[in-house]
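Data first, discussion second: the structure below is written as C-alpha cells.
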Ligand code: GDD
Ligand code: MN
C-alpha cells in the first residue's frame, strides 16, 4: 500500500481536515481591475474575521491589470484564499453566482473589492444568519443610520428612482435591493440559483425577486465609502440593464433577460430611425426613399453598437471582429426586415387590422434578428 494513503499516517485526509477547519463563512469578491485593492481587502478580512472559520473566493474576469496574479500570490501564502480566473466571460452577477457556488461554507457573503463596502459588518451579518433570524442579510444604504460618502448627487438620485421602481414593480420589500453587499444562507441560495440571470449587475434584486417573498431578509445600515483605487465599472448601460431585469422578472422569467435587452435596443432603434427620417426629410430635404434608407442604416448601426455594449457586453466585439460583426448584423437585419414585412402582409391579408399586422411583423423581425444575431454576429 502506498505510504501516503495508509490510514493513520499524518497524510490522511482526516489529518488534513483537522489542520483546516471547514469554513463557516465564504466571502465572495468579484473583481475586475482591482489590483491595488485586493491585498488591502484581504488584510481587513483577516483582521475582522478572527475567531470565525472563513475563506475568501475572488472571482476575476481575467483583469487586464492582472488582479488574478495578486490574488494567486495571496493564495500561495494563505490556503483560505482562492482565485477563480474566468477567461472569455464578463459580468458582475455571473461572477458572484459562480463564486458562491464554488464555495463551501453554510453562509456566503458578497462584497466588492474596492473597499466601498464595510467589512466590519460581516460578523454581525453572520450572527444574524447563524442564529436563524434571517436567510439573507443586506448591507443597506437606505435605512436609518445609513451614511453614504461615495455617491454623487446624480447617482444617488438615479439609484433612489430605480429602487422605487423595483419595489413597486416586483414587490421587493427591502430598502436597498441594489446593494452589492449581502450575506445569504447557501442552501437557500442554491435553491434559487437556477432562476438567477448571469447577465447584468443586480444580483441581489434578482435573488430577492426570484425568491418571491420566501427569503426572510434583515437589513443593516452601513456607510458606503469612497473607492480607494481604480474606477467604477458601472457605466450608463446599467440603467438599461436594470430595466431589463425588472421586465424579465415581471414576466416571471418567461423570456430571457438577453432577449428583453435586445428588444429594448430594437425599441430605441425605432426612435433613432424616425428621428433620422425626420431630419433627412425636413431639415436636409432628401427624397423619401433615400431618407428612409438612411434611417434604416443609422438605426441598424446604433442598434449594433448598443447591443455590443449592453446585450452582449459579456462577449463584446472589438477590432476586426467588430467590423465583421457589423456587416453580419446589417445582413441579418435586412433579412429580418423581409421576414417582418412578409409576416405583417400575410396577417393583414387574413385580418385587415393594421396594428395587429404591424405588431406581428415587428415581433417576427425582432425574434429573427435575435436568433440570427446569436448565431452569426455575437457567436460563442
Ligand atoms: N468578476 C467581475 N466581472 N467583477 C466585476 C465586474 C465584472 O464584469 N464588473 C465589476 N466587478 C467588480 C468590481 O471589481 C468591484 O469589486 C465590484 O464588482 C463592484 O464594481 P464597481 O465598479 O466598484 O461598482 P460600483 O461601486 O459602481 O457599484 C457597486 O456598489 C453598489 C452599492 O453597493 C455594485 O456592487 C453595485 O451593484 C451596488 O449597487
Ligand atoms: Mn465600487
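The values are calculated or read from the model by the stated rules, or taken from the named source; none is laboratory data. Fair warning: this is a prediction, and the values are worked out from it, not measured in the lab. Because the Cβ atoms are built from the backbone with ideal geometry, glycine has one as well, and the counts that use them run over all protein chains shown.
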Matching residues in segment 91-107 - criterion: being more than 16 Å from ligand 2 (Cβ to nearest atom) and under 9 Å from the mean Cα position of the chain (by Cα):
94
Do the conditions hold for residue 246, that is, is it farther than 21 Å from residue 368 by Cβ, within 16 Å of ligand 2 (Cβ to nearest atom) and in a helix (DSSP H, G or I)?
no
In segment 218-230, what count of residues is obtained for those that are farther than 17 Å from residue 156 by Cα and within 15 Å of ligand 1 (Cβ to nearest atom)?
5
Would you confirm whether or not segment 176-196 contains a residue that is within 27 Å of residue 31 (Cβ to Cβ), within 13 Å of the chain's Cα centre (by Cα), more than 16 Å from ligand 2 (Cβ to nearest atom) and surrounded by fewer than 22 Cβ atoms within 10 Å (Cβ to Cβ)?
yes
Working only within segment 163-191, note down all residues that are away from ligand 1 (no atom under 16 Å from the Cβ) and modelled with pLDDT of 95 or more.
185, 186, 187, 188, 189, 190, 191
Here the qualifying pairs (Cβ atoms under 9 Å; residues six or more apart or on different chains; first in segment 168-187 and over 18 Å from residue 96 (Cβ atoms); second more than 16 Å from ligand 1 (Cβ to nearest atom) and assigned to a loop (DSSP other than H, G, I, E, B)) come out as 171/212; 171/213; 173/213
For residue 300, state whether it is more than 24 Å from residue 93 (Cβ to Cβ), in a helix (DSSP H, G or I) and at pLDDT below 90.
no
When (1) touching a helix residue (DSSP H, G or I) at 6+ places or on another chain (Cβ under 8 Å); (2) buried (at least 21 other Cβ atoms within 10 Å of the Cβ); (3) in contact (Cβ under 8 Å) with a residue 60 or more places away in the chain are applied to residue 204, the one that fails is (1)
Flag if residue 41 is in contact with a strand residue (DSSP E or B) (Cβ under 7 Å, 6 or more places away or on another chain) and modelled with pLDDT under 95:
no
In segment 287-297, how many residues are surrounded by fewer than 17 Cβ atoms within 10 Å (Cβ to Cβ) and either in a helix (DSSP H, G or I) or in contact (Cβ under 8 Å) with a residue 24 or more places away in the chain (or both)?
6
Give all pairs with beta carbons closer than 8 Å in which a residue from segment 219-238 that is under 15 Å from residue 93 (Cα atoms) and near ligand 2 (Cβ under 10 Å from one of its atoms) meets a residue that is modelled with pLDDT of 80 or more and not in a loop (DSSP other than H, G, I, E, B); count only pairs at least 6 apart in sequence or on separate chains.
233/92
Just to check your reading of the model, which residue among 240, 204, 192 is in contact with a strand residue (DSSP E or B) (Cβ under 8 Å, 6 or more places away or on another chain) and in a helix (DSSP H, G or I)?
204
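Among the helices (runs of 4 or more DSSP H) contained in segment 44-143, which hold 1 or more residues that are surrounded by 15 or more Cβ atoms within 10 Å (Cβ to Cβ), modelled with pLDDT of 95 or more and within 9 Å of ligand 1 (Cβ to nearest atom)?
67-77, 92-102
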Enumeration of residues in segment 307-326 that are more than 17 Å from residue 233 (Cα to Cα), touching a helix residue (DSSP H, G or I) at 6+ places or on another chain (Cβ under 9 Å) and assigned to a helix (DSSP H, G or I):
307, 322, 325, 326
Options 215, 243, 207: the member that is away from ligand 1 (no atom under 13 Å from the Cβ) and closer than 18 Å to residue 191 by Cα:
215
Out of 332, 347, sole residue that is crowded, with 17+ Cβ neighbours inside 10 Å, touching a helix residue (DSSP H, G or I) at 6+ places or on another chain (Cβ under 7 Å) and modelled with pLDDT under 90:
347
